[in-house]
1. At 0.36 nm per residue, and after removing the present C-alpha to C-alpha distance, how many nm does the segment from B:Val135 to B:Arg89 gain when stretched out fully?
2. Please work out, to two decimal places, the log10 of the ratio I(q)/I(0) at q = 0.17, 0.19, 0.26 Å⁻¹ from a Debye calculation in which every Cα of the stretch C:57-152 carries one identical scatterer.
3. Could you give the nm distance between label points at C:Glu333 and A:Lys488, where each point is 7 Å from its Cα heading toward the beta carbon?
4. So how far apart, in nm, are the two label points at B:Leu149 and A:Glu291 if each is 7 Å from Cα heading toward Cβ?
5. For an R0 of 25 angstrom, estimate the FRET efficiency from the Cβ-Cβ distance between A:Val16 and C:Lys75 and round to the nearest 0.05.
6. Give the aspartates and glutamates reachable from C:Lys130 as a straight Cα distance under 13 Å; neighbours fewer than 8 places away on the same chain don't count.
7. What pairs in C:Lys227/C:Lys332; C:Lys102/C:Lys290; C:Lys121/C:Lys318; A:Lys100/A:Lys245; C:Lys152/C:Lys234; C:Lys152/C:Lys302 have C-alpha atoms more than 22 Å from each other?
8. Based solely on C-alpha atoms, express the radius of gyration and the Dmax of the protein assembly as shown in angstrom.
Amino acid sequence: MPDVLTGLLNGFGIAVQPMNLLMALLGCFFGTLVGALPGIGPSATIAILLPVTFGMDPTSAIIMLAGIYYGATYGGSITSILMNIPGDPSAVMSTLDGYKLAQQGRAGAALGMAAISSFIAGTFSVVALMLIAPPMADFAVRFGPPEYFGIIFLGLTLIVYLGGRSVIKGLVSGVMGLVIGTVGVDPMQGFGRYDFGSVRLADGVPFIVVAMGLFAIAEVLVNIENPLKTEFISGKLSGLLPTRKDLADSRGAFLRGSLIGFFVGVLPGAGATIASFLAYGIEKRVSKSPERFGNGAIEGVAAPEGANNAATGGAMVPLFALGIPGSSSTAILLGGMIMYGMRPGPLLISQNPDFFWGVVASMYIGNVMLLVMNLPLAGVFARLTRAPYSVLYPMILLFVLIGAFSLNNSVFEVWLVLLFGVVGYAMRKLDYPLAPLVLALVLGPMAEKALSQSLTMSHGSMAIFVSRPISAVILVLTFVMLFSPLFKKMWASRRASAGA
Amino acid sequence: MVGLRLIISVLRMAGDKLAKAEKIAALTVSLFALCYLLGGSKLQFLEEFGPGPGFFPVLLGITLLALSVAHFLSAEKSVSGGSGDFHPRQLLRPAAVMVALCLSAFVLEFLGFLITVFLLVFLVLVFLERYRAPVSALLAICISGGFYLLFETWLKVPLPQGFLINMPF
Amino acid sequence: MKKGIGLFMACMLAFSVMVTGGCQSKGAQESAGAKDKAPASKYPEKPIELVVHTKPGAGADILARTVSDILSKEKMVAQPITVANKSGGSGAVAFSYVAEKKSDPYVLLAAQPTLVTTSLKSGGSNFSIKSFAPLAGLAADESVVVVKADSKYKNMEDLISAAKKAPKAVSQGGGAIGASDSIVGHLIQKATGVTFNYVSFGTGGEVPPALLGGNVDFIVANPAEVKGLVEGKKLRIIGVAADKRMEGAPDVPTLKEQGINVVYQSFRGIVAPAGIPADAAAYWEGVLEKMTKTEAWKKYLKDNSLTPSFMKSADFGKYLEEQAKIYEAVMKEMGQLK
């Protein structure tokens, strides 16, 4: 403990140097901006700004890049809430309740809640990073393919709860997502599937393309049907910040979001996206009034937003403790660290204590900066929704076009996004829920890969899923989550008949 | 009284339309599932230890087919929520925008970003939103210029240049 | 309302038809003009694009950024060099992009064995190894066999005798089949007559954790990928597929010393699209050779455990062609090519 304290104090000493403060501020600011713009993700920005940092002290550079990373995770929620456009896969869950809140005139509350929840969870994850990084990392590497499959399968089953009114439509949407996920090279043999021989689709249909088409374009199309609609959000803007009741309601969400986000973020290859799904799904499951979810439940914003920020802290755990990148953004951070001559690995913390503690302290500061920047801005952004929609929607469409084009500098992705725009419009008109599709799209390929790896490891035996302790626990959890409502009903009816 | 009967009959028609739309949707999905299934059956189903490339596609195809058939059958019985009154006329504006977007995608690499975007925004504002021409032009210039600055200059995101690359902008 | 829409759509249609017709001819004129204006002695006159087939942070990306960084810091190249990441399709996206830019001397590509393997597998009629003009080979990356530090396999002999007990008794973790580590695994199997149980992980970053977690028995990796973990005593290297021991790890025996005749090096170099003017090629050859003599480059080699190995363009070209033949044979054996 004393080591940690001295290290931390030392780190704060480094982090409050004017240069580092500036870097943190720049990082958070750019990150938020970039996260809000669909199609341009944190990894692209970090890559673009990496050369700019070459002359600088490595600590300052990583401080800025880390700031971009968690700034972007928050930024994605801005467009999710205001325009139903997830800027980042991890922001998809925020569209469900966040956008509904915005439509009810409570955009400020939703944005503010996102900021607050991100702050709480982000700080939690930095504390955890600081205290338990090495043992956490050792635990995390014990997660092999069977365990990953368990978690992903858990996530997939939670999709069933997102169906809304019609379970069948939710299932169809989910299976469609799985189907689209099979496009591309298969994880086992590298065989092209459903790619019509084109190299473009070799890696599958990019998530961001589907999300932008399904959410953004379809949303615009639905909104402009009726030419009389001039304002995006009719009705008064009530309250620019979350109320006390909102905060009280979300206490559990803060806790659960932080925990789930951190632990899932630690697992290499999992990350903010899965963390936000799980947090939302679990929040809904444990809620006393789950039917509010999807209609503007404030916890529906607090949980996923907290989770995705906690996941960024979690992702730093394997990075610092073992030198293993957990996601594409941390991979770039790793590359940057290597270029500065650092040797990421178990010895990093002991060999470069100033660096580690400087970055950790800066993450605390960064979280505070984000909160301070974004709470007042929540009100400003909320007012954006009062701009005349007729000018707003061409700009939204432009964002989408640019976002799609910039993925690969080609028009192919633009055509894809338009295709999904039409599909999304059809789904909206016919009342098929959108969220299951995109979630299944992300989870499906991961599940297939994990399954195939697990079975290869076990020489074809399914026993591997129960013989490994962690995997068995996850499966039991999934089972409980899935069937407990059923059991509850059976139990209740049995008691009723016994009583009668 | 007559008015009431009229309203009821209109509602019933809308209801039928909706059920019909649902059935068509379910049929489309079934058709898609069949094609998908056919494609998947050509792939190897099982590998030495685990699923082969065809495993999931075949299973998913069957599931999707079953689901969409079930949906088709159940669509007759209920008129599930969604958009209550559905007029084909509502599709006109969205369709126009989609067409405009497609055309933009088509000419994007020829004309370059600035011109394509300017035209898209201008035409949408003038014809679809009925703004006056000078206002639309001004807005279009601001928007296309602003976006260009934001992405190309600030964020250094490469945008299609088009054949005007020799010009100073 | 209806009139407005009709007019609007008619406008767009007419316009796009006009424009497409006009543009195509203009476009053709443009590229013809550019060809004639081939740079003379003032090359380079425009900024250079250095394409990388991976996402930022991967080995090839670090190579590209190091190269561009050194060249601009030491002012060896007058124009700025931008690194452009075009990941996808195991490099197919980047490679076809560069191949299409035939004879354009302002586009370069960071080259690794993936260039050869993907060209063979997915190039088809779009690109092959001949679509690229070799500029210089810069370095070589060794392949090492790595196990967990507390593994029961203390050397290659332990590993191979365990593998001999039953087919697929010993598992190897690696990237997609066809990637370098799977090829080395295949070569070892060929040399010793055993069969490993190959578990493929998608991206390179997922492989060391799999080993750390005890989910696979061994992996084949580049030294830089595992350096930190070896120093941190979590992993151990039990063999290197080279002719002589590595400078940075003198107590690691080679595979040859342990009776397995497998040598494998991943090259790292720079190529350009085929058909670029001779003076441009000579320019880069000279500049890159100068670069390899700088302190910054030597530091890069050391930090990443790379072996210096400079090859001029002609030698590099011959090397690439040999590699292509070798890979073709190996990939056919592995069932990656028909």
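None of the figures in this text is laboratory data; all of them are computed from the coordinates on show. Because the structure is a prediction, the values reported are computed rather than measured. No Cβ is skipped: glycine too gets one built from the backbone with ideal geometry, and neighbour counts run over all protein chains shown.
1. Values: separation 46, 0.36 × 46 = 16.56 nm, distance 2.78 nm.
Computed gain between B:Val135 and B:Arg89 is 13.8 nm.
2. -0.85, -1.00, -1.52
3. That separation, rounded to one decimal, is 6.1 nm.
4. 5.2
5. 0.10
6. Straight-distance partners of C:Lys130: C:Glu100, C:Glu321, C:Glu322.
7. Those over the limit are C:Lys227/C:Lys332; C:Lys102/C:Lys290; C:Lys152/C:Lys302.
8. So, for the protein assembly as shown, Rg and Dmax equal 28.8, 101 Å respectively.
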